[in-house]
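I have placed the structure first, in the form of structure tokens, so that the comments after it can refer back to it.
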Amino acid sequence: MKKSFWNGFFQGRQPKPFSAWQIELTTRCPLRCKMCCREGHHSMARKDMTLEDFQKILPYLREVESVVLEGWGESLLHPRLIEIIRLVRDEGARVGFVTSGMTLSDDYVLELVQAGTDFIGFSLSGAMAETHDSIRVNSHLPKLLDHIRRFQEIKVRLKTSLPRLHIVYLLLKNNIAELPILIRLAKDLGIGEIILIHMALISNAWQEGQRIFAREETEEYESMVTEAGKMARGLKITLRRPSLTPRDAAVCSENPLQNLYISVNGNVSPCVYLRPPVPPPFLRIFHGEEFRMEKVGFGNIFQKPFPEIWQNSQYQDFRSCFLRRREKMQEITGILLDPDKRKSLESFSLPSPPLPCRSCYKIEGF
């Protein structure tokens with residue numbers, strides 16, 4: 001890719017113009033998780049990205065800090081995963097993924113380490129087997145924990161700190177009380193980081209009834225998460241947590257200004273939640289209200305050069321919404337620092353996000 005393109009658009013920004021690209025290698029998954037948007041769509045075709053197609057993405061990855069080989073499927077099922085990890089590393093990007101961990105073996109762990117994998121997250125939806133297994137159907141927590149322990153043992157044997165392992169824990173009403181158990185579990189496993197997340201795409205009544213975040217603070221849940229944070233600090237574990245109530249987010253945590261998502265079919269989208277693997281229009285429930293959403297995409301990287309997609313006028317308009325919001329937030333921050341101007345904040349509001357994002361929990365800071 002010509003450097004002049006990036007120099008023109010990203011002058012003075014971080015060392016690489018993109019923070020993270022999320023690439024879906026497969027839509028196949030052995031689990032039937034209750035929080036997945038594919039609930040009710042299990043008959044949909046399963047597909048792997050071919051190595052030939054992945055190689056069409058490769059030249060652009062030298063401009064990306066981190067590549068997350070993950071979408072709506074289980075990356076460990078991809079037959080060329082190890083080869084793909086090596087290819088990404090050769091382009092100078094950090095590489096990893098989040099996994100259910102159910103298909104790991106000692107040989108597979110050894111290959112992942114030797115390929116140079118930088119990070120792996122393990123998805124948990126409970127710290128007790130009964131809870132986790134009932135939510136992540138076809139998973140079995142004791143087996144998953146055994147795989148994590150074996151992974152750590154093999155790393156010790158090979159005298160390597162990579163890949164760095166972390167836990168990704170989905171917060172639900174059914175499992176939030178197990179946070180203290182989770183933290184002790186992480187300590188026992190030698191894992192130093194836990195990332196707590198919410199469901200971002202809610203598409204049925206069960207999911208809607210399980211969310212612990214709301215427009216008004218729930219003191220009970222906030223207290224549980226706060227106490228978990230204190231416990232984690234005491235055990236020298238980093239606990240990253242989301243807000244439980246809305247907050248102004250000029251740019252959501254998916255950050256479409258520096259990040260993007262590529263589906264198994266090569267479609268480029270601002271984020272994974274705007275292109276789920278279900279037939280359009282897909283259902284999104286937002287604070288109890290139902291929305292029928294079309295998938296968002298701005299071009300196919302298997303068919304077009306990436307700069308052509310990135311400079312697509314519709315894609316630029318999409319990102320401009322966030323640029324305007326960020327500029328306004330900076331203006332508001334400046335006013336907050338000036339006591340004489342604070343009264344004028346009453347008339348300030350952030351510009352609207354893109355239409356597909358207005359009914360997304362991410363834009364509310366969740």
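The values are calculated or read from the model by the stated rules, or taken from the named source; none is laboratory data. Not measured: the values here are computed from a predicted model. Note that we place each Cβ from the backbone using ideal geometry, even for glycine, and neighbour counts take in every protein chain shown.
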Residue 251 - would you say it is at pLDDT 95 or above, out of contact with any strand residue (DSSP E or B) (no Cβ under 9 Å at 6 or more places or on another chain) and under 30 Å from residue 60 (Cα atoms)?
yes
If a residue must be in contact with a strand residue (DSSP E or B) (Cβ under 8 Å, 6 or more places away or on another chain) and surrounded by fewer than 20 Cβ atoms within 10 Å (Cβ to Cβ), how many such residues does segment 148-161 contain?
1
Within segment 257-289, restricting attention to residues that are small (Gly, Ala, Ser) and part of a loop (DSSP other than H, G, I, E, B), which residue is surrounded by the most Cβ atoms within 10 Å (Cβ to Cβ)?
263
Considering only segment 211-222, I want to know if a residue exists there that is touching a Gly at 6+ places or on another chain (Cβ under 6 Å), surrounded by fewer than 19 Cβ atoms within 10 Å (Cβ to Cβ) and of a type in the set (Lys, Arg).
no
Just the residues that are assigned to a helix (DSSP H, G or I) and more than 23 Å from residue 36 (Cβ to Cβ), please, taken from segment 154-184.
154, 155, 156, 157, 158, 180, 181, 183, 184
Over segment 192-217, the set of residues touching a strand residue (DSSP E or B) at 6+ places or on another chain (Cβ under 8 Å) and part of a loop (DSSP other than H, G, I, E, B) is 192, 198, 199, 201, 202, 203, 204
For residue 46, only one of the following conditions fails: (1) modelled with pLDDT under 95; (2) farther than 28 Å from residue 105 by Cβ; (3) of a type outside the set (Gly, Ala, Ser). What is its number?
(2)
Selected residue (only one of 127, 115 is free of Cβ contacts under 8 Å to residues at least 40 places away in the same chain, more than 24 Å from residue 306 (Cβ to Cβ) and over 18 Å from the mean Cα position of the chain (by Cα)):
115
Odd one out for residue 225 among (1) among the β-branched types (Val, Ile, Thr); (2) closer than 30 Å to residue 290 by Cβ; (3) exposed (fewer than 14 other Cβ atoms within 10 Å of the Cβ)
(3)
Hits in segment 8-29 - residues which are among the small types (Gly, Ala, Ser) and modelled with pLDDT of 95 or more:
19, 20
Examine segment 181-196 for a residue that is closer than 28 Å to residue 320 by Cα, of a type in the set (A, V, I, L, M, F, W, C) and either surrounded by 19 or more Cβ atoms within 10 Å (Cβ to Cβ) or touching a His at 6+ places or on another chain (Cβ under 7 Å) (or both), and state whether such a residue exists.
no
What are the residues in segment 77-111 that are more than 18 Å from residue 53 (Cβ to Cβ) and of a type in the set (Lys, Arg), if any?
89, 94
Residue under question is residue 97, and the condition is that it be aromatic (Phe, Trp, Tyr), under 17 Å from the mean Cα position of the chain (by Cα) and either at pLDDT 95 or above or farther than 22 Å from residue 273 by Cβ (or both); does it hold?
yes
Candidate set: segment 259-293, residues that are free of Cβ contacts under 8 Å to residues at least 60 places away in the same chain and more than 20 Å from the chain's Cα centre (by Cα); chosen: the one nearest to residue 364 (Cα to Cα)
290
Scan segment 228-255 residue by residue and report those that are outside any loop (DSSP other than H, G, I, E, B), of a type in the set (D, E, K, R) and closer than 26 Å to residue 34 by Cβ.
240
Lone qualifier among 100, 139, 123 - being of a type in the set (Ser, Thr, Tyr), out of contact with any Lys or Arg (no Cβ under 8 Å at 6 or more places or on another chain), within 22 Å of residue 27 (Cβ to Cβ) and surrounded by 15 or more Cβ atoms within 10 Å (Cβ to Cβ):
139
Cβ contacts < 8 Å: first residue farther than 14 Å from residue 171 by Cα, restricted to segment 204-227; second residue at pLDDT 95 or above and part of a helix (DSSP H, G or I), any location; separation 6+ or different chain. Result?
227/179; 227/180
For segment 50-71, check the following and say yes or no: at least one residue is touching a residue at least 40 places away in the same chain (Cβ under 8 Å), over 21 Å from residue 20 (Cβ atoms), touching a strand residue (DSSP E or B) at 6+ places or on another chain (Cβ under 7 Å) and among the aliphatic types (A, V, I, L, M).
no
